[in-house]
Every structure is written in structure tokens, then in C-alpha cells.
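Peer 1: I'd like to ask some things about the structure below.
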Amino acid sequence: MRRRPDRLNAVLGTTAGGSGVAVDNITALGGDVYEIDTRMAGFAGITAGYLILSDRPCLVETGTSTSAPVVRDALASLGVGPEDLATVVVTHIHLDHAGGVGDIAKFFPSAQVVVHEKGARHLAEPSRLMASARMVWGDRLDTLFGELSPTEAERIVALGDTGAIDLGNGRTLNSRYSPGHAKHHVGLVDSATGDLYVGDAAGVYLPETGDLRPATPPPDFDLNTALDSIALFEALQPQRLL
């Protein structure tokens, strides 16, 4: 499924196919890659998902559960309907990156859901993950993240230390296990663009100040392992970090 570039240019920054839904949260990055601001907790500039509009469209990161309708509408504005999305892949299962997986899976029933094997069971049965998150965030959890809905186990593809996701027409998204930030974290390299989706393993960029800070959440964070993951990313020689 592909949309003509002139159609995309007409849609971006205006309305979603005449529906009146604003799509000013979409940024075209080149290489058929589109950044989608997920409007986490209603705010811009916090988290993003990425649509790779290849022959087999792929969504990298879903954002939170409360962001799922925003992401769905953005995909619709880019011509990706309920049966068009081939793959949803998350770098790790923290709720700001993957809290919307269950909802997005319902919106796009033909999509496979790809995650590292250490996170797969939590997407299928998220009760333990949610209980742990609620201990940290308390009542703020509902506003910030919402509830991670379960995904049918048969739709989940579990990655090992390496793996490849078919984007169609010979293009692949190649995963590399990159723990340190979290035990279930992977980096993803686009074979066509050289883009590396780093999740949180390379830190968090603060555009307002230009600062890059480490992302060190308990209980998984391990400094030496995190540094090893950054060294791995460097060795991959990516063209761009997302």
C-alpha cells in the first residue's frame, strides 16, 4: 500500500483527507519516514512514533494508551487504513513507548506486533507491568499513560538478540539487542535509510535546551550495559538517530 507523494503533501499540515482532523503533529523526514507527535498527556514535544511508509507499512513506537487515537488518526491521514498497517514494533515496553500497543493492535487488526522476547509476555498479559507502574506513578498513571491493553499472543513476534522485520521490496528493519536502559530494549536499523531507532538507549534529548541526558529508570538500568549498547550503536554507523 503506497500513497502518491502529492497526496501526502496535500494532507500534511492541513486536514486529514477532508475529515477536518488536524495533522500538524506529522513531520515528513524523508525516505518515506514520518514522525508522529503522540501528544502524550495532551502535550506536544514529549514522545513520538514513526511511520515507515514502505510497501509493508510499519509503525515504530505507539506512545501511550491515551495517545493511541492520535496515532491512529495520523496514520489515517497518511493513507494507512485499518487493514493496511503490516507491523507495529516497539523498542521496549515502557508505557511512554508501548502503552498504546494493545489499542493500536485493535485499530489495525492485520498488523503483527514485534517486541524483544523479554517484553513479549507483558504485552500479552500486562497486569504485572501495570501494577508495577502504578506503584511508581499512583493516580498520575491514568493521566500520563492510561492502561496498557493486552495483545493476542498469536499476533506477537518475539525478537532475540538480532532479528529482521520485512518492510517490503527488499527493505528491512534490523533489530539489535541493546539493554542497559531496560532488559527488553532493542535498536532498529532501516536498511534503506541508515536510520537507527534508538528508543531510550541513547538518552533523552531536550530540544528546549539542546541537552542530552541519560535515561536511567529503576530497576533495570545498568551503566556498563548501557555504555555497551551505545558502543554497539556507534559501530553500526547509522546515518541518523530517531
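The values are calculated or read from the model by the stated rules, or taken from the named source; none is laboratory data. Quantities reported herein were computed from a predicted structural model and do not represent experimental measurements. Glycine gets a Cβ as well: all are built from the backbone with ideal geometry, and neighbour counts include every protein chain shown. Remember, those area values only see protein heavy atoms, side chains included, never the ligands or the DNA or RNA. Shrake-Rupley method; radii C 1.70, N 1.55, O 1.52, S 1.80 Å.
Peer 1: For the structure I just gave you, tell me whether Ala76 is part of a helix (DSSP H, G or I) and either within 22 Å of Asp24 (Cα to Cα) or of a type in the set (Lys, Arg) (or both).
Peer 2: Answer is yes for this residue.
Peer 1: Follow-up question, since we're still on this one. Filter segment 123-157 for residues that are in contact (Cβ under 8 Å) with a residue 24 or more places away in the chain and open to solvent by 60 Å² or more (accessible area, probe 1.4 Å); which is nearest to Leu236 (Cα to Cα)?
Peer 2: Ranking the candidates gives Ala153 first.
Peer 1: Within the set of pairs 6 or more residues apart or between chains, which connect a residue that is more than 21 Å from Asn174 (Cβ to Cβ) inside segment 216-242 to a residue that is of a type in the set (D, E, K, R) and surrounded by 13 or more Cβ atoms within 10 Å (Cβ to Cβ) with Cβ atoms less than 6 Å apart?
Peer 2: Going by the 6 Å Cβ cut-off, the qualifying pairs are Asp220/Lys183.
Peer 1: Which residue is surrounded by the most Cβ atoms within 10 Å (Cβ to Cβ), if the candidates are limited to segment 161-197 and must be hydroxyl-bearing (Ser, Thr, Tyr) and touching a helix residue (DSSP H, G or I) at 6+ places or on another chain (Cβ under 9 Å)? Break it down stepwise before answering.
Peer 2: Taking segment 161-197 and keeping what is hydroxyl-bearing (Ser, Thr, Tyr), we get 162, 172, 175, 177-178, 191, 193, 197.
Subsequent filtering for residues that are touching a helix residue (DSSP H, G or I) at 6+ places or on another chain (Cβ under 9 Å) retains 177-178.
Values: Tyr177: 19, Ser178: 28.
Among those residues, the one meeting the criterion is Ser178.
Peer 1: Among the residues of segment 40-64, write down those that are open to solvent by 10 Å² or more (accessible area, probe 1.4 Å), more than 12 Å from the chain's Cα centre (by Cα) and closer than 22 Å to Thr151 by Cβ.
Peer 2: Met40, Arg56
Peer 1: I'd like the full set of residues that are among the small types (Gly, Ala, Ser) and at pLDDT 95 or above, limited to segment 43-58.
Peer 2: Of everything in segment 43-58, those that are among the small types (Gly, Ala, Ser) and at pLDDT 95 or above turn out to be Ala48, Gly49, Ser54.
Peer 1: Against the conditions (1) open to solvent by 30 Å² or more (accessible area, probe 1.4 Å); (2) of a type outside the set (D, E, K, R); (3) at pLDDT 95 or above; (4) assigned to a loop (DSSP other than H, G, I, E, B), where does Ala231 fall short? Just the number, please.
Peer 2: Ala231 satisfies all of (1) open to solvent by 30 Å² or more (accessible area, probe 1.4 Å); (2) of a type outside the set (D, E, K, R); (3) at pLDDT 95 or above; (4) assigned to a loop (DSSP other than H, G, I, E, B) except (4).
Peer 1: Moving on to the next point. Can you tell me which residue within segment 1-39, out of those that are on the phi > 0 side of the Ramachandran plot and modelled with pLDDT of 95 or more, is surrounded by the fewest Cβ atoms within 10 Å (Cβ to Cβ)?
Peer 2: Checked segment 1-39; the qualifying residue surrounded by the fewest Cβ atoms within 10 Å (Cβ to Cβ) is Gly30.
Peer 1: Would you confirm whether or not segment 204-213 contains a residue that is on the phi < 0 side of the Ramachandran plot, among the hydroxyl-bearing types (Ser, Thr, Tyr) and open to solvent by less than 30 Å² (accessible area, probe 1.4 Å)? If you could, list the steps in order and put the result at the bottom.
Peer 2: Going through segment 204-213, the residues on the phi < 0 side of the Ramachandran plot turn out to be 204-209, 211-213.
From the residues that got through so far, the ones that are among the hydroxyl-bearing types (Ser, Thr, Tyr) too are 205, 209.
Imposing the further condition that a residue be open to solvent by less than 30 Å² (accessible area, probe 1.4 Å) reduces the set to none.
Within segment 204-213, none of the residues are on the phi < 0 side of the Ramachandran plot, among the hydroxyl-bearing types (Ser, Thr, Tyr) and open to solvent by less than 30 Å² (accessible area, probe 1.4 Å).
Peer 1: What single numbered condition from (1) assigned to a loop (DSSP other than H, G, I, E, B); (2) modelled with pLDDT under 95 fails to hold for Pro179?
Peer 2: Among (1) assigned to a loop (DSSP other than H, G, I, E, B); (2) modelled with pLDDT under 95, Pro179 violates only (2).
Peer 1: Please find, within segment 102-152, the residue that is modelled with the lowest pLDDT out of those that are in a loop (DSSP other than H, G, I, E, B) and farther than 20 Å from Val70 by Cβ.
Peer 2: The initial filter retains those residues of segment 102-152 that are in a loop (DSSP other than H, G, I, E, B), namely 108-111, 125-126, 138-139, 145-152.
Those left that are additionally farther than 20 Å from Val70 by Cβ: 110, 125-126, 138-139, 150, 152.
Working: Ser110: 97, Glu125: 98, Pro126: 97, Gly138: 95, Asp139: 92, Pro150: 98, Glu152: 97.
Filtering segment 102-152 for residues that are in a loop (DSSP other than H, G, I, E, B) and farther than 20 Å from Val70 by Cβ, the one modelled with the lowest pLDDT comes out as Asp139.
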